[in-house]
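Since every read-out is calculated from the coordinates, none of them should be taken as a lab result. In this text the structure is predicted, and so the values were computed from the model without any measurement. Because the Cβ atoms are built from the backbone with ideal geometry, glycine has one as well, and the counts that use them run over all protein chains shown.
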Amino acid sequence: MNKQKQLSPETYIRTRARNLPIDKCFINQNWKETGIASIIVSRKHTNGNFTFGVYLVDLFALGTKDSFYRFNTAPDILEELKERMSKELVEEADYVLVHNIIYGANAYAEENGFKVCKEFILTQFILEEDTEDIELIEIEFGKDGKPLLIQNVGMF
């Protein structure tokens with residue numbers, strides 16, 4: 001009997017998540033005004049389930065403040081999360097936009113001496129690699145050209 005070894009969710013995400021097609025991405029509508037973006041990036045498995053990453057991104061100073069993932073979950077779990085976010089008026093977003101927000105905010109944070117959350121070490125693998133292949137979009141980071149710290153902003 002040749003039994004295939006199951007990969008842990010973490011190992012799968014690190015080594016294979018980028019092979020799954022990106023499905024839908026969502027973001028809160030007021031991210032430009034508040035400087036806080038709540039983002040979901042989903043990838044679809046062949047079985048119809050999703051692996052997705054959720055990113056709380058501070059565009060004013062700290063970059064990715066919090067992040068988590070769900071692995072190979074049923075579509076209703078993704079819908080449930082989207083509904084919980086909907087108090088912030090969530091809209092579907094283009095992947096290139098959310099990619100630029102996340103990686104741009106992280107770069108801005110690091111330039112100003114801040115470290116992104118440790119969970120991003122894993123959840124970055126749900127995103128595409130940050131290469132020249134991804135179109136660069138001009139996004140303003142900081143507030144009036146300087147970092148601005150806002151305290152006590154948590155996940156929805």
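Observations, loosely collected:
- Farthest towards the positive end of the charge dipole of the chain, among the residues Ile39, Phe71, Gln29, is the Cα of Phe71, using unit charges on the Cβ of Lys, Arg, Asp and Glu.
- Cα-centre dipole for the chain with unit charges at Cβ (Lys and Arg positive, Asp and Glu negative), debye to 20: 820 debye
- Each residue, Asn30 and Glu83, gets one label point 7 Å from its Cα in the Cβ direction; the gap between the two is 2.3 nm.
- Normalised contact order of region 1-142, rounded percent, pairs of Cα under 8 Å and 6 or more residues apart: 27 percent
- Axial C-alpha extent at least 30 Å, average Kyte-Doolittle at least 0.0 - helices from the chain (DSSP): none
- Longest to shortest principal axis, alpha-carbon extents of region 9-156, angstrom: 46, 33, 26
- Dipole of the chain [Lys/Arg +1, Asp/Glu -1 at C-beta], most positive-end residue of Met85, Tyr12, Leu56: Tyr12
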